[in-house]
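Where a number appears in this text, it was derived from the coordinates with a stated rule and is not lab data. Model, not experiment: these values are computed from the prediction. Methodologically, a virtual Cβ is constructed for each residue, glycine included, from the backbone with ideal geometry; neighbour enumeration extends over all protein chains shown.
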Amino acid sequence: MEQYEPDRPSPTRAAAVRRGLRDGRAAPSRRSLLRAGAGGALAFGGLGALSACGIPPAGHTQGGVPAEDHSEKEKRVAFSNWTEYMDVDDSGRGHPTLDAFTGRTGIEVTYTEDINDNTEFFGKIKPQLAAGQDTGRDLVVLTDWLAARLIRLGWVQKLDPSHLPHAYANLSPQFRSPDWDPGRAYSYPWQGIAAVIAYNRKALDGVEVRTLSDLLDNPELKGRVGLLTEMRDTMGLVLLDMEKDPERFTTDDYDAGIARLQKAVDKGQVRRFTGNDYTSDLSRGDFAACVAWAGDIVQLKADNPDIGFLIPDSGYMMSSDNLLIPNKARHKTNAERLIDYYFEPRPAAELAAHINFVCPVDGVRDELARIDEDAADDPLILPDKDMQAKSRAFRSLSAEEETACEAKFAKLTGA
């Protein structure tokens, strides 16, 4: 078992440093790409453009289309992922977990970091999927809103549970049954993305923060509060604070949440709505408190002891990036074996130690502790059962709801 010297940076700290220097899915500079939801789709050509091109609008499950599986004869799998979203060796070029998978199975992984934006990537693969053609990819990683759309369009294949024993057994309960893929028939999470409240102790200067209402109402924080431009995370936390369920809210609930935020904006409580760039505001103390993504806070608190976080009693928001097998993929079984591999404790722990997102795999703590005790004890990487129970997802939206919700939020934020 690899041991880490006391004066050598832990994998978590080393990963934080890498993220500060390089772009990628695990870098703060890429986190704002989660915004590419309905707004991104509209910018790309409009939700209506799907129907105009002869593509059925999202909302009706068509069922995935299998292809002839060449896995047995062709020992390879093509895996498309976001940049900097995989463990790396000391050279910064190799991927130890992928190498170990190949060593065990004989399956060569063509690993490509060609996803920089959900909407942009959708534009790449849409023509082939719409035409019933192979995209050249056996496995892709997409954020939940886009994963939901591809499932509804019938553009991804149904998974074979017999090939996924570790995934089925070790999937964390908080990720088991999203409303857009009940029972995980078509997808498994790659990593979780938690939205919580972060603060700068020095900037707070003794002001107590426990809830989102404190951020929106406490006059001592006026002009020193940050909220995210990601609608689902900010509005989800607002709904929770109002004792509404983001998984079951109504239009009236949403409109009440918008009004709640508008009141805070009008009185100057909110300094600004941000993408990933909130990290510098928080570190400098321009934000005393803000809505933040857990992966960023792991990095920031490693570098700045004044940075902390809290989970409101009302709960916090959780989204995910997800593994899916596109229609007509040539190596479905090989792709399923790779999915299942990352739900084994050791590979999952190695991945978590490097990229610091919420690990969706139960039973990895002991393995992660052998690599990095700090990471194993960090609830932003391995939330305990009580914290898991407080996580909530933003419910799936119809195309019409998505357009309306994003428009109302964009008007509020000035986007």
Taking Cα pairs closer than 8 Å and at least 6 residues apart, the relative contact order of the stretch 94-210 in percent is 16 percent
Rounded to the nearest 0.05, what FRET efficiency is calculated for D90 and S280 with R0 set to 35 Å and r the Cβ-Cβ distance? 0.75
Which of the aspartates and glutamates could a cross-linker span from K385 if the Cα-Cα distance has to be under 20 Å and same-chain partners fewer than 8 positions apart are dropped? D245, E247, D313, E344, D362, D366, E367, E373, D374, D377
At R0 = 22 Å, how high is the FRET efficiency between E243 and D217 if r is their beta carbon distance? Nearest 0.05 is fine. 0.90
Among 116-125, 350-359, how do they line up by average Cβ neighbours within 10 Å per residue, starting with the highest? 350-359, 116-125
Label A131 and V207 with points 7 Å out from Cα along Cα→Cβ: what is the distance between them in nm? 5.6 nm
Determine, at each q value in 0.11 (inverse angstroms), the log₁₀ of I(q)/I(0) that the Debye formula gives when each Cα of the stretch 325-415 is one equal point scatterer. -0.55
Convex hull per residue volume in Å³, alpha carbons only, for the stretch 199-348: 155 Å³
Cα→Cβ-extended label distance, 7 Å offset, between D114 and K158, nm: 2.9 nm
Candidate lysines for bridging to K301, where Cα separation is under 20 Å - those fewer than 8 sequence places away on the same chain excluded: K202
The stretch 241-327: Rg to Rh, with Rh as the Kirkwood radius over Cα pairs: 1.03
Round to the nearest 0.05 the FRET efficiency obtained for E401 and D266 when R0 = 25 Å and r is the Cβ-Cβ distance. 0.45
Aspartates and glutamates whose Cα lies under 18 Å from that of K408, excluding same-chain neighbours fewer than 8 positions away: E230, D233, D252, D253, D255, D266, E400
Contour excess over end-to-end distance, with Cα ends at K73 and K124 and 0.36 nm allotted per residue: 15.6 nm
Sort the stretch 78-135 into rounded, prolate or oblate with this rule: let a ≥ b ≥ c be the square roots of the eigenvalues of the Cα gyration tensor; rounded if a/c is under 1.5, and if a/c is not under 1.5, prolate when a/b is larger than b/c, oblate otherwise. oblate
Of the listed pairs K75/K332; K263/K411; K222/K263; K390/K411, those with alpha carbons more than 20 Å apart are K390/K411
Here the gain from full extension of D303 to D179, 0.36 nm per residue of separation minus their alpha-carbon distance, amounts to 40.9 nm
For a test of the definition: using alpha carbon positions, the gyration tensor, and the 1.5 limit on a/c, classify the stretch 113-257 as rounded, prolate or oblate. prolate
Equivalent ellipsoid semi-axes, the stretch 182-252, via Cα gyration tensor eigenvalues times 5, rooted, Å: 29, 16, 10
What whole number of Å gives the distance from the Cα centroid of the stretch 205-248 to the Cα centroid of the stretch 340-415? 20 Å
